[in-house]
Amino acid sequence: MSFDYDLFVIGGGSGGVRAARLAASEAGARVALAEEYRMGGTCVIRGCVPKKLMVFASAYPGMVDEARAYGWDAAIGAFGWAGFKDNLHAELTRLEGIYTRNLVNAGVQVFDTRAVVKDAHTVALASGEEITAKHILVATGGQPFVPEFPGSDLAVTSNEMFHLDALPKKMLVVGGGFIACEFACIMHGLGVEVTQFYRGAQILRGFDDEARGHVADLMRGRGVDLHVGTDVISMERVDGRIAVKCTTGHDDRFDLVMYATGRVPNTAGLGLEQAGVRLTRNGAVEVDAYSQTSVPSIYAVGDVTDRINLTPVAIREGAAFVETVFHGRPTVADHELVASAVFTQPELGTVGLTEEQARDREPIEVYSAAFRPMQSLFAGSDDRVMMKLIVSRETRKVLGCHIVAPNAGEMIQLAAIAIKMGATKEDFDRTVAVHPTMAEELVTMKTPTRVA
Ligand code: FAD
């Protein structure tokens, strides 16, 4: 049977773009890709990139405060949201253009439209046109989810945060995951009075408990009014503001409420179940280690599979799919020891097991240090950084590393290489410190803080 294309990719985000480009340019496949919104997907258009640029913008007031202690006659003026927003969107448009050009230059046929799966080898475009392909790759990502409650339609999500007409004076962030915490810090840094509600006992569920506590303390210390064990009951518009009723009596009025209480995979109306593709209970596409679905010609990568929802993981899954299907080299995307960062202020960088996960598996030593780093200490700040290693008592391997510090994301990337290579605590110890730095603590912690 002959097909219009060797590969049809649905979704022009991190995973889909990488797979399409590699299949076309390196494997010589005939490839088409449909994107219904903007090329680049969540990461480029409404995720990592604009978020990180806002993180940068929000850090300047703190730097200027610190500069005074270092002798600078410095004062920060007002923040111009409109000017920043223009620059931000110009940058996103530039990046979007690069993504599109890279695809076109690789020979990928791009359709700027929604596509759904019709059967094992057919996709239907919004125009009604049907296109056949030997393989279909579903890379449709996910979207924010706001639970239903009275007034829930008044909430915005991370999607809208990059398009605000003006910065609010006072806002509520609901949620305790990395996106909620990052936006709480960003908005606080930009001068907004921020309250954050999280219904669980501690923010950043899934991360190392000690690190979670450390980040929460620092966020509170910097002025985010964080309430855990607190959820919203209802919201209503009153005098142009949003009146929020909550479970703990911290009822208040806000100019803006942002919900970041989870994301759902984009599978609704995609035709997958009718085509025989099995979904998990939360609507993600069920895949095996090779990203193959229950229909052999259909694969899925990235957030739509709800494995590890990060851009570099989606990219690796897309590349592994191309190796497997178009180069005949069965390749499993490696989900072990994936490092990541939470871009709060300060950042949390993490790789490997948390203390809680590790001690459930085997006897461990924990090395943990919290101290005031030179730069901010000099400026009179009480902020502490945290460096933590989890070590296997049997193999001596470092099983996990957790850092809460300015630029922890940069540090953890490097620590992750050593840990991925199987470095032991003694390998860390043999490494001579870089002095004076914060990260030197990682190679100078001699005595376990505790064993478990
Ligand atoms: P996406 O990038 O979501 O791309 C899916 C694309 O498919 C979208 O462009 C969508 O429009 C399109 N689409 C959907 N359905 C259809 C259809 N039927 N037809 C055509 N097109 C369709 N990750 C990190 O690693 N680091 C970070 O710092 C980070 N920060 C984040 C901050 C925020 C606010 C958010 C929301 C996410 C963040 N992420 C971060 C996660 C990261 O953005 C995702 O893991 C990544 O984008 C997933 O890539 P993907 O290819 O699976 O899907």
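Worth a mention:
- Diagonalising the gyration tensor over the Cα atoms of the stretch 1-101 and scaling each eigenvalue by 5 before taking the square root yields semi-axes of 43, 13, 9 Å, largest first.
- Approximate shape of the stretch 7-46 as ellipsoid semi-axes (Cα gyration tensor, √5λ), whole Å, largest first: 19, 10, 6
- Convex hull projection area averaged over all views, the stretch 122-213, Cα basis, nm²: 10.3 nm²
- Measuring against 24 Å, Cα to Cα, the residue pairs 51/420; 170/245; 51/169; 52/85 contain 51/420 as the ones spanning a longer distance.
- Charged-residue dipole, Cβ positions (Lys, Arg, Asp, Glu), the stretch 361-449 about Cα centre, Debye nearest 20: 200 debye
- 5 angstrom amide H check on residue 142, placed H, neighbours 5+ away: 266
- Helix-only [θ]222 nm of the chain, DSSP H runs n ≥ 4, -39500 (n - 2.57) each, per residue, nearest 500: -9500 deg cm²/dmol
- On the principal axes of its alpha-carbon atoms, the chain has extents of 71, 63, 42 Å, going from largest to smallest.
- If you wrap the stretch 226-345 in the convex hull of its Cα atoms and look at it from every side, the mean projected area works out to 11.2 nm².
- Relative frequency of Cα-Cα separations exceeding 22 Å in the stretch 340-451, percent: 27 percent
- Extension gain, residue 308 back to residue 113 (0.36 nm per residue minus Cα-Cα distance, nm): 67.5 nm
- Bridge orientation summary for the chain: considering DSSP beta bridges with both residues in this region, about 60 percent are antiparallel.
- For residue 424, the amide hydrogen comes within under 5 Å of the amide hydrogens of 398, counting only partners 5 or more places away or on other chains and with H modelled in the peptide plane.
- The listed peptides 239-250, 302-313, ordered by packing as a protection proxy, come out as 302-313, 239-250 (highest mean of other Cβ atoms within 10 Å first).
- Neighbourhood net charge (15 Å Cβ-Cβ; Lys/Arg +1, Asp/Glu -1) for residue 369: -2
- Summarising the amide proton neighbourhood of residue 109: residues at separation of 5 or more, or on other chains, whose placed amide H is nearer than 5 Å comprise 31, 32, 33.
- Our coupling estimate for the stretch 141-148, obtained by passing each phi through the Karplus curve with A = 6.51, B = -1.76, C = 1.60 and θ = phi - 60°, is x, x, 9, x, 10, 10, x, 7 Hz, Gly and Pro reported as x.
- The stretch 152-261 gives an Rg/Rh value of 0.94, both radii derived from C-alpha positions and Rh following Kirkwood.
- Rounded to whole Hz, the Karplus (6.51, -1.76, 1.60) HN-Hα couplings of the stretch 363-378, x for glycine and proline: x, 9, 10, 10, 10, 9, 9, 10, 8, 8, x, 3, 5, 7, 4, 4
- With each label modelled as a point 7 angstrom along the Cα→C-beta vector, the residue 253-residue 407 pair spans 4.5 nm.
- Derived scalar couplings ³J(HN,Hα) [the stretch 163-173; Karplus, 6.51 cos²θ - 1.76 cosθ + 1.60; whole Hz; x for Gly, Pro]: 10, 4, 5, 8, 6, x, 7, 9, 9, 10, 10
No lab work stands behind these numbers, since they all come straight from the coordinates. Please read these numbers as outputs of a predicted model, since none were measured by experiment. Because the Cβ atoms are built from the backbone with ideal geometry, glycine has one as well, and the counts that use them run over all protein chains shown.
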